[in-house]
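Everything on this sheet refers to the single structure shown next.
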Amino acid sequence: DGGVTVNSGALRITNSTALGDGAKTVTLSNGTNGAPQLRLDGSADPIELPASIGYVTSNDSTGAIVNEAGNNVVFGAITLSGGGGSTRIYSNAGNLTLAGNIAPSTTGRTLKLMGAGTGVVTGDISNGSATNGSASNGSASLRAAAMSVAASAAGGAALLKRSTRRCVSPTPVR
């Protein structure tokens with residue numbers, strides 16, 4: 001039990017129990033100062049991180065969460081915080097599923113979904129307490145501005161291509 005904080009460099013895990021059990025927060029929010037990362041290598045077996053683990057992220061340079069290999073699932077909520085700007089999440093190989101809800105805790109946060117691998121966002125992407133945010137990869141994007149959310153998926157965007165995404169917003173932008 002207990003939280004996990006990565007201030008600099010990467011924490012690379014290779015199994016579902018690497019972060020321990022019980023409720024905890026994994027903090028990856030030292031931003032560009034330390035470029036903290038959680039790297040998932042599920043090449044031997046898929047990694048499934050439980051909903052009892054939440055993530056606080058802010059790394060717009062190298063990616064806060066990086067799927068290196070395997071078909072991995074992050075069930076916990078992701079909070080986009082202050083510290084290093086926006087948050088990039090990469091699926092470089094294999095498939096990454098983000099099953100937890102994603103929301104900013106401060107204004108001016110952007111979620112960027114990147115990488116050559118594939119992925120699915122099945123949790124809600126919402127504004128949280130912030131005024132804006134967006135998620136993009138190539139020609140596909142999910143944008144959240146104030147109380148409105150717009151969604152479009154054109155072309156070959158890896159992370160959003162097969163998504164069953166549901167954007168939370170009282171007034172969708174069309």
Condition met for Leu11 (open to solvent by less than 30 Å² (accessible area, probe 1.4 Å) and of a type in the set (A, V, I, L, M, F, W, C)): no
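When residues of the stretch 1-41 are filtered for being of a type in the set (Ser, Thr, Tyr) and in a strand (DSSP E or B), how many remain?
3
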Among the residues of the stretch 25-48 satisfying the criterion of being surrounded by fewer than 17 Cβ atoms within 10 Å (Cβ to Cβ) and hydroxyl-bearing (Ser, Thr, Tyr), which is nearest to Asn101 (Cα to Cα)? Thr25
Among the residues of the stretch 85-103, the number that are surrounded by fewer than 19 Cβ atoms within 10 Å (Cβ to Cβ), of a type in the set (A, V, I, L, M, F, W, C) and in contact (Cβ under 8 Å) with a residue 40 or more places away in the chain is 1
For Gly22, state whether it is within 23 Å of Ser86 (Cα to Cα), touching a residue at least 12 places away in the same chain (Cβ under 8 Å) and open to solvent by 20 Å² or more (accessible area, probe 1.4 Å). no
Please go through the stretch 104-127 and pick out each residue that is buried (at least 22 other Cβ atoms within 10 Å of the Cβ) and either under 10 Å from the mean Cα position of the chain (by Cα) or assigned to a strand (DSSP E or B) (or both). Pro104, Leu111, Leu113, Gly119, Val121, Ile125
What number of residues in the stretch 53-81 are of a type in the set (S, T, N, Q) and assigned to a loop (DSSP other than H, G, I, E, B)? 4
Give Gly54, Gly82, Gly108 a once-over and let me know the one that is out of contact with any strand residue (DSSP E or B) (no Cβ under 6 Å at 6 or more places or on another chain), closer than 23 Å to Asn33 by Cα and either of a type in the set (A, V, I, L, M, F, W, C) or in contact (Cβ under 8 Å) with a residue 40 or more places away in the chain (or both). Gly82
Tally, over the stretch 49-69, of residues that are under 10 Å from the mean Cα position of the chain (by Cα) and either over 15 Å from Thr110 (Cα atoms) or surrounded by fewer than 23 Cβ atoms within 10 Å (Cβ to Cβ) (or both): 3
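The values are calculated or read from the model by the stated rules, or taken from the named source; none is laboratory data. Keep in mind that what you see is a predicted model, and the values were worked out from it rather than measured. Cβ: placed from backbone, ideal geometry, glycine included. Neighbour counts: every protein chain shown. To get the accessible areas, we keep the full protein, side chains included, count just its heavy atoms, and leave off ligands, DNA and RNA. Shrake-Rupley method; radii C 1.70, N 1.55, O 1.52, S 1.80 Å.
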